[in-house]
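Below is one structure, written out as structure tokens; comments come after it.
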Amino acid sequence: TNTAMSLFARFTALSLGARSAPCSFLRLSAAAPRASVPRRWWSEKAEQGKEEAASQQEARVEPKQEAAAEQDERAGASDGEDASPLSVELQKVKEERDALKEQALRAMAEAENTRRIAHRDVENARNFGVEKFAKHVIKVNDNLRRALGAVPESELTESNAMLTELHRGVGMTKTLLEKALASQQITEISPLGEVFDPAQHAAMFTVPYDGKQEPNTVCQVLESGYMMRDRVLREAQVAVVKKVKPEELPKNEK
């Protein structure tokens, strides 16, 4: 009995030792690295792990960025292809606009010129509408003047009453005619003694210088002229004193 009890006690001890041995070994193996490896090594490993993770992340992002850039380039190319026809169409529209603008400006200029010409024609018709008729009437006035000048004053006596009344009637007719001409702003040009003006006078002949009148002046009026407003209706027919050279002047005139 004692032998059996001792064997049982040994077996139990052996069993307990076998069971506790692995636990102690594990505890030693777990604690050993912590005691032997320094902390710097662990920080370097952590940094390396972070760098590897970042490089892997960049490796995954770069293909995505390249794909997005390619997609943007394709979109830009397609936009350029679409914009080219639009720019051509826009250029055509601008050219048509410029052409229409030029046509409108030309039309406005032509309308303004037409308006000015019409206004000028109306003014000319209002001011000079009777010009042709007036040219015939002034000839009547010339004949009335000649008729009055053909009768000497010595014949206008009481004994010759008929001639006197006729002369008075012709004078009254001439006066009324001159008033009618004046109502149309037709005035007579009688330039006796004035300087010769080629715009209003027509020199029929010249007379030699006699020392009484200045050279290039009107010494005789053959037929009076007429002005209608600011336009010459008929030039006055005159005789002009001839110009002379200084050596041709009389000695007392030099």
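Taken over segment 172-188, the residue count meeting the criterion of being open to solvent by 70 Å² or more (accessible area, probe 1.4 Å) and either of a type in the set (A, V, I, L, M, F, W, C) or in contact with an Asp or Glu (Cβ under 6 Å, 6 or more places away or on another chain) (or both) is 2. Of all the residues in segment 207-247, those that are part of a strand (DSSP E or B) and among the aromatic types (Phe, Trp, Tyr) number 1.
Each row is one residue, and each column tells you yes or no for (1) aliphatic (A, V, I, L, M); (2) part of a loop (DSSP other than H, G, I, E, B); (3) over 51 Å from the mean Cα position of the chain (by Cα).
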site: 149; (1), (2), (3): no, no, yes
site: 159; (1), (2), (3): no, no, yes
site: 162; (1), (2), (3): yes, no, yes
site: 177; (1), (2), (3): yes, no, yes
site: 181; (1), (2), (3): yes, no, no
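When each of 106, 115, 145, 168 is tested for being at pLDDT 90 or above, closer than 28 Å to residue 226 by Cβ and open to solvent by 90 Å² or more (accessible area, probe 1.4 Å), the lone residue that passes is 168. Within the set 147, 182, the sole residue that is hydrophobic (A, V, I, L, M, F, W, C), touching a helix residue (DSSP H, G or I) at 6+ places or on another chain (Cβ under 7 Å) and closer than 30 Å to residue 128 by Cα turns out to be 147. Residues in segment 210-228 that are open to solvent by 50 Å² or more (accessible area, probe 1.4 Å) and under 10 Å from residue 241 (Cβ atoms): 210, 212, 213, 214, 220.
Of all residues in segment 189-206, how many are out of contact with any Leu (no Cβ under 8 Å at 6 or more places or on another chain), open to solvent by 40 Å² or more (accessible area, probe 1.4 Å) and assigned to a strand (DSSP E or B)?
Within segment 189-206, residues that are out of contact with any Leu (no Cβ under 8 Å at 6 or more places or on another chain), open to solvent by 40 Å² or more (accessible area, probe 1.4 Å) and assigned to a strand (DSSP E or B) number 4.
A search for C-beta distances below 8 Å between a residue of segment 139-154 that is closer than 14 Å to residue 165 by Cα and any residue that is open to solvent by less than 90 Å² (accessible area, probe 1.4 Å), counting only pairs 6+ apart in sequence or on different chains, returns 147/170; 148/167; 148/170; 148/171; 148/174; 151/163; 151/167.
The values are calculated or read from the model by the stated rules, or taken from the named source; none is laboratory data. Note that the structure is predicted; figures quoted are calculated from it, not measured. Note that each Cβ is placed from the backbone with ideal geometry, even for glycine, and that neighbours are counted across all protein chains shown. Accessible surface areas use protein heavy atoms only, side chains included; no ligands, DNA or RNA. Shrake-Rupley method; radii C 1.70, N 1.55, O 1.52, S 1.80 Å.
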